[in-house]
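Following: one structure in structure tokens, then a few remarks.
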Amino acid sequence: LAVARQIQQDLLPHSFPQGERFEVSAINLPSREIGGDYYDFMTSGDPEEGDPELLLMVIADVSGKGTPAALLMASLQATLRAVREVQPDLAKTAEKVNAALCRTTDTEKFVTLFMAELEVESRRLRYVNAGHNFPILARASGEQVLLEEGGLLMGVMETAEYEEGEVRLEPNDVLVLYTDGVNEAQNPARE
């Protein structure tokens, strides 16, 4: 299990995209030796020339725990990266990844996923929420916006369709992405 955990942790990014107009940080602390949580970042443009043109952020939670969840997480990562190379549209990317998961996983397994693409210059954020916990856009003004647009969780219906949502980020806004480990966490008194 320790070796499997190390392999899984090695699949997660160890460095994060940074720019003059944005800052990214992430952490993954599995509740057991191996979990099914996943996050990733992809950028376009030349990092030597300053901020990337686009920043893609992904967070997902695979149902279950242990080695089966970790294997499905690895499959999700490979599928998502391959589809994204040829499909720039977020909703279509979600549909293709979902269809692939439906064809290759048991019906009891599913994935919640949120992916968002930030156009760095314009601060336009397009996103798809596939049954994932609603990310929170904490505006500098104090307003909180839940990012809900999308569709069904992945891996349960091969023909599921997804919709894209869009918001504009303002300076000092914070986008919080998380998995259910955050809202299900309990102290020893089960609070």
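The values are calculated or read from the model by the stated rules, or taken from the named source; none is laboratory data. If you're wondering where the values come from, they're calculated on a predicted model, not measured in any experiment. Glycine gets a Cβ as well: all are built from the backbone with ideal geometry, and neighbour counts include every protein chain shown. The accessibility values were calculated without ligands, DNA or RNA, using every heavy atom of the protein model including side chains. Shrake-Rupley method; radii C 1.70, N 1.55, O 1.52, S 1.80 Å.
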If you go through Val182, Val156, Val145, the only one that is touching a Phe, Trp or Tyr at 6+ places or on another chain (Cβ under 8 Å) and surrounded by fewer than 19 Cβ atoms within 10 Å (Cβ to Cβ) is Val156
Pairs returned, first residue in the range 131-156 that is touching a residue at least 12 places away in the same chain (Cβ under 8 Å) and part of a loop (DSSP other than H, G, I, E, B), second residue that is open to solvent by 80 Å² or more (accessible area, probe 1.4 Å) and of a type in the set (Val, Ile, Thr), beta-carbon separation under 8 angstrom, 6 or more apart or interchain, are Asn133/Val182; Val156/Thr107
Taking the range 119-130 as the search range and keeping residues that are part of a strand (DSSP E or B) and farther than 21 Å from Thr79 by Cα, which one is least open to solvent (accessible area, probe 1.4 Å)?
Leu125
Residue that is most open to solvent (accessible area, probe 1.4 Å) [pool: residues in the range 62-96 that are among the charged types (D, E, K, R) and either at pLDDT below 85 or in a helix (DSSP H, G or I) (or both)]
Glu85
